[in-house]
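Step one of this worksheet: look at the structure below.
The values are calculated or read from the model by the stated rules, or taken from the named source; none is laboratory data. Keep in mind it's a predicted model, so treat the numbers as computed, not measured. Backbone-built Cβ (ideal geometry, glycine too); neighbour counts: all protein chains shown.
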Amino acid sequence: MNKKELIEAIEKKRDSILVTYITGDRPPFNTRIAGDVVPLLSKQLEKFGKCKKVSLFLYTSGGDMLAPIRIVKLIRNHCDEFEVLVPYKAHSAGTLICLGADKIVMGKLGELSPVDPSTGHPFNPQNPNNQQQKLEISVEDLNSYFLFAKEKAGVKEDQMGEVYKLLVEKLHPLSIGNAYRAYRMAKMLTERLLSLHIDIEKEKEKVKKIVKEITGDITIHAYPIDREEAGELGLEVEAPEAETEKMMTELYEEYATTMKLGQPFHPSELLGGQDAASIDYVGAYIDSKELSYQFTFKGKAQKLIRNNQTAIDMNMDSQSWVEKNN
């Protein structure tokens, strides 16, 4: 089956309207979850009107932490039930979208991740001469620094002030504050997204456990939370039946083949043996059976000789969403 046929077949199986949201992970054409998709998703949903259930087929490595709550609220306003289908990765901001769903349908390869936003120090203190190079700081790095001081270095509680002073000699205090603010934002967003379909007061302990694990206890940002572990956290997770999972995998592979997801990139492939070529590459999709939006990179690639070495120059003329009929 082609992409449209797979979307229609999965809709029939799930008794829902299916919209796909796929972001690319192949530099330099990688894309991220962002707020600019909200009006595009709205146009997709307006095609179907108010419906019983919407299934969002999602693949992403993450993105803007504020976009998920806008995306989730938009979708929930168009349906009575909202589920996310996860054939493979729904990391970081993608995990936040999943937290706002009534149900997460995860394939065998499906994985969520912790929500641990990083912020940039004004410059990298290891290389202060390069003001353009920023040092990524996460609140988990900061927590681990203080835990190491206590648990491994044997620093007493009344000596922790000195440990903090050592830290601010290397990092600007506002950068530390910014990292902590990002952590508080992730915690707040996690709670608010869960509250859209869980009674926070009645299930206080369940929500507390999910928030603690997703935003704090799992200290490695890329740690894969599979469907068994997601269920153990207390999330509403479903393993699809074999036929549905097969179609989910085939639909993911349709996008993976077109976008070359997970494959390394070399500019020479654009030229195809020529000295110059046009760039026309799709880095993200928002699809339904009715309509397709494609985030398209357009530009030119040209072979050059620099210092007696062959080089390839890439110039992008535009990066924008393009509407296509399915």
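This table checks each residue for (1) closer than 15 Å to Ser61 by Cα; (2) out of contact with any Gly (no Cβ under 8 Å at 6 or more places or on another chain); (3) at pLDDT below 95.
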residue	(1), (2), (3)
Cys79	no, yes, no
Lys103	no, yes, no
Thr119	no, yes, yes
Asn129	no, yes, yes
Lys134	no, no, yes
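When you look at Ile312, is it in contact with a Pro (Cβ under 6 Å, 6 or more places away or on another chain) and part of a strand (DSSP E or B), yes or no? Give the derivation first.
Values: in contact with a Pro (Cβ under 6 Å, 6 or more places away or on another chain): yes; part of a strand (DSSP E or B): yes.
For Ile312, the condition - in contact with a Pro (Cβ under 6 Å, 6 or more places away or on another chain) and part of a strand (DSSP E or B) - is met.
Quick grid of which residues meet (1) surrounded by 15 or more Cβ atoms within 10 Å (Cβ to Cβ); (2) in contact with a Lys or Arg (Cβ under 8 Å, 6 or more places away or on another chain); (3) outside any loop (DSSP other than H, G, I, E, B); (4) touching a residue at least 12 places away in the same chain (Cβ under 8 Å):
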residue: Lys187; (1), (2), (3), (4): yes, no, yes, yes
residue: Arg192; (1), (2), (3), (4): yes, no, yes, yes
residue: Ile200; (1), (2), (3), (4): no, no, no, no
residue: Glu205; (1), (2), (3), (4): no, no, yes, no
residue: Lys209; (1), (2), (3), (4): yes, no, yes, yes
residue: Lys212; (1), (2), (3), (4): no, no, yes, no
residue: Ala222; (1), (2), (3), (4): no, no, no, yes
residue: Glu228; (1), (2), (3), (4): no, no, yes, no
residue: Glu232; (1), (2), (3), (4): no, no, yes, no
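Taking segment 272-293, which residues are surrounded by 15 or more Cβ atoms within 10 Å (Cβ to Cβ) and of a type in the set (Asp, Glu)? Quick ask: steps written out before the conclusion?
In the first step, residues of segment 272-293 are kept if they are surrounded by 15 or more Cβ atoms within 10 Å (Cβ to Cβ); the result is 277, 279, 281-293.
Within segment 272-293, Asp287, Glu290 qualify.
Anything in segment 234-268 that is surrounded by 14 or more Cβ atoms within 10 Å (Cβ to Cβ), small (Gly, Ala, Ser) and outside any helix (DSSP H, G or I)? List them, or say none.
Gly234, Ala239
Here is a list of conditions, (1) in contact (Cβ under 8 Å) with a residue 40 or more places away in the chain; (2) of a type outside the set (Val, Ile, Thr); (3) in a strand (DSSP E or B), and Lys52 meets all of them except one; can you say which number that is?
(1)
Quick check on this structure: which one of Ile75, Ile104, Ile97, Ile33 is over 19 Å from Glu253 (Cβ atoms), without any contact (Cβ under 8 Å) to a residue 60 or more places away in the chain and surrounded by 19 or more Cβ atoms within 10 Å (Cβ to Cβ)? So that I can check it myself, show each step before the final result.
Working: Ile104 fails: without any contact (Cβ under 8 Å) to a residue 60 or more places away in the chain; Ile97 fails: without any contact (Cβ under 8 Å) to a residue 60 or more places away in the chain; Ile33 fails: without any contact (Cβ under 8 Å) to a residue 60 or more places away in the chain.
One residue alone meets the criteria, Ile75.
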